[in-house]
Amino acid sequence: MDAASRLEINLVSGWMNAAGYAGYAPPVDSNITSPPVAFVTNPISFHSRTPAADRFCSPYPCGFLLHTGWPNPGFRKVLKQFSARWTRSEIPVWVHLLAEQPQELNRMVRTLEETEGVAAVEISLPPTARDEWMLQLAEAALGELPLVICVPLDQVTAAWVSGVINLGISGLVISAPRGMIRNAAGSFSRGRMIGPGLFPQVLQALGCLRAYDIPLIAGCGVFDIKSMDTLLSAGATAVQLDAVLWRGWDNRNCS
Amino acid sequence: MAHGEWKIMEIGLVDGSLQLRVLTSDHLHPLPGQYFLAFAAGMDESLATPLYYAGTDSGNWFLAGKIPPAWQPGTRLVWRGPLGHGFHLPPTARRVALAAWNDLVTSLSALVNLALTQDASVVWYSRHLPEQLPPSVEVLPLESLPEAWDWADYLALECDAIDLPRLAASLLLPSGGKPDCTTEILLHTPLTCGGTAECGVCAVRTKKGWKLACKDGPVYEFDSLELAA
């Protein structure tokens, strides 16, 4: 497959949840008056993962750093427990996979191709992997379902991004970058950066990535309707909401 | 789950912890230890703040937690809850022990009033001398907590999840490692999603595997927990 044979993601403009912020199956538990245009599952790995021993949530001005280790019951258990709800869903369901090993990723994607109700596969790549490994993983996830790849905000100009686009993927999500913070013990902790403070960078990244002719989803930094509308008018196909779904949407400023 | 808005009427310092007073007309009956998630409308807050039910008085609710400094009397809060599982004081309990292991005490004061209502004797174990306890409550230092096994028929504890192994060691559990009386504990962990996402940051290790404090807790039966570090 190449860019010329790219599968369409068939997404209407609007909001959806980011992976890890709404569980494994719809509905999204939120107080937003407009319905989501799609649902993204929590990240799922081939094998089960337990919570990180050093998990934490640490606020800083205009955001917070979160590290959980992406705990999940593993692909087979998730499929058994939630696939019926994916089938019944009235909105498209995207299954988010944690890309760790090409063979495992390939097996999960092949299984999802046979699973009713899955509209697309979204993957996140290891944060510190080499470019060649990123491309191998992306290639392993290509198949009969549209493939959407998460690009952390701090990696939008990395060489592997154009590489995966040329493979023929169906879309990119601009996702949360990683950061470090000094913890109570005086050492440094790493995690995902989340919060409205990221919004100007997401808007900038969207502008950079528009040079590629591919659907772009803004996947972090959106905490109000104005930010959402700005990204959609700047060319985002859709917007993914993260921790604002946990905090609650402020409906005062909604049109 | 209910949701709505509150206006902060007052913020006060109670035994070293900040407490909010809000007017409520909601017909909710939260248990001590259950929590609400609230954020201040119009402020750039990334996360909701867990507010623990700390008591009631004539249509006022008292809520405790790590109150953001920007919140002031008059601030409008958007909330949802009550969330999670709270303390279950047995109606037959007549000798109630309460122990605040950490400085942040959110829910034990509500248990004091419940216990007194059912004519129980109440002992409060703490590092600090509390300011606002009814005179009938006996106050003892935290070091005396193991004595509670000799007389209490209900023990409620509150501590940071990270301190659980140290707390367990200090309790000098009776032989067999099981508490002699009904013992519950509120574990403080980040409560970010309110049970909607299974993100795992609040995960607690129990004898039946990992549980999420946001929905399975934050109050647990002490005997259900894995106590090792």
Output for Cβ contacts, cut-off 7 Å, separation at least six or different chains, first residue farther than 18 Å from B:Gly16 by Cβ in the range B:62-85, second surrounded by fewer than 19 Cβ atoms within 10 Å (Cβ to Cβ) and basic (Lys, Arg), reads B:Gly74/B:Lys7; B:Arg76/B:Lys7; B:Gly84/B:Lys215
Selection from the range A:54-79 of residues more than 9 Å from chain B (Cβ to nearest Cβ) and small (Gly, Ala, Ser) yields A:Gly74
Within the range B:142-187, of all residues that are surrounded by fewer than 21 Cβ atoms within 10 Å (Cβ to Cβ) and hydroxyl-bearing (Ser, Thr, Tyr), the one nearest to B:Leu116 (Cα to Cα) is B:Thr182
Taking the range A:42-82 and keeping only residues that are more than 28 Å from A:Phe188 (Cα to Cα) and surrounded by 17 or more Cβ atoms within 10 Å (Cβ to Cβ), one is left with A:Phe46, A:Pro73, A:Phe75, A:Val78, A:Leu79, A:Phe82
B:Asp44 fails exactly one of (1) in a loop (DSSP other than H, G, I, E, B); (2) more than 14 Å from chain A (Cβ to nearest Cβ), namely (2)
Expected single match for under 23 Å from A:Ser30 (Cβ atoms), in contact (Cβ under 8 Å) with a residue 60 or more places away in the chain and out of contact with any His (no Cβ under 7 Å at 6 or more places or on another chain) among A:Asp242, A:Asp250 is A:Asp242
Selection status of B:Val122, in contact with a Pro (Cβ under 6 Å, 6 or more places away or on another chain), at pLDDT 95 or above and either within 14 Å of another protein chain (Cβ to nearest Cβ) or not in a loop (DSSP other than H, G, I, E, B) (or both)
no
Picked from the range A:19-36 (must be within 10 Å of another protein chain (Cβ to nearest Cβ), at pLDDT 95 or above and out of contact with any His (no Cβ under 9 Å at 6 or more places or on another chain)), the residue surrounded by the most Cβ atoms within 10 Å (Cβ to Cβ) is A:Ala22
From the option list B:Ala156, B:Ala161, single residue qualifying as in contact with an Asp or Glu (Cβ under 7 Å, 6 or more places away or on another chain) and modelled with pLDDT of 90 or more is B:Ala156
**Residue match in the range A:30-51 (condition: on the phi > 0 side of the Ramachandran plot and out of contact with any strand residue (DSSP E or B) (no Cβ under 6 Å at 6 or more places or on another chain))** = no
How many residues of the range B:192-229 are at pLDDT below 95, within 10 Å of chain A (Cβ to nearest Cβ) and under 22 Å from B:Leu108 (Cβ atoms)? The answer is 0
Of A:Pro152, A:Pro126, A:Pro200, the only residue that is of a type outside the set (A, V, I, L, M, F, W, C), free of Cβ contacts under 8 Å to residues at least 40 places away in the same chain and within 14 Å of another protein chain (Cβ to nearest Cβ) is A:Pro200
**Prompt:** With respect to A:Glu122, is the statement that it is under 26 Å from A:Arg110 (Cα atoms), of a type in the set (D, E, K, R) and buried (at least 19 other Cβ atoms within 10 Å of the Cβ) true?
**Reply:** yes
Given the conditions (1) within 11 Å of chain B (Cβ to nearest Cβ); (2) buried (at least 22 other Cβ atoms within 10 Å of the Cβ), every one holds for A:Gln240 apart from (1)
Going through (1) crowded, with 22+ Cβ neighbours inside 10 Å; (2) within 12 Å of another protein chain (Cβ to nearest Cβ); (3) not charged (D, E, K, R) one by one, A:Phe39 fails only at (2)
Counted residues in the range B:47-73 being part of a strand (DSSP E or B) and either under 29 Å from A:Phe199 (Cα atoms) or within 13 Å of chain A (Cβ to nearest Cβ) (or both) come to 3
Counting only residues in the range A:86-99 that are out of contact with any helix residue (DSSP H, G or I) (no Cβ under 8 Å at 6 or more places or on another chain) and away from every other protein chain (no Cβ under 14 Å), the one surrounded by the most Cβ atoms within 10 Å (Cβ to Cβ) is identified as A:Trp94
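The values are calculated or read from the model by the stated rules, or taken from the named source; none is laboratory data. Being a predicted model, the structure only gives us computed values, none of them experimental. Virtual Cβ from ideal backbone geometry, glycine too; neighbours counted across all protein chains shown.
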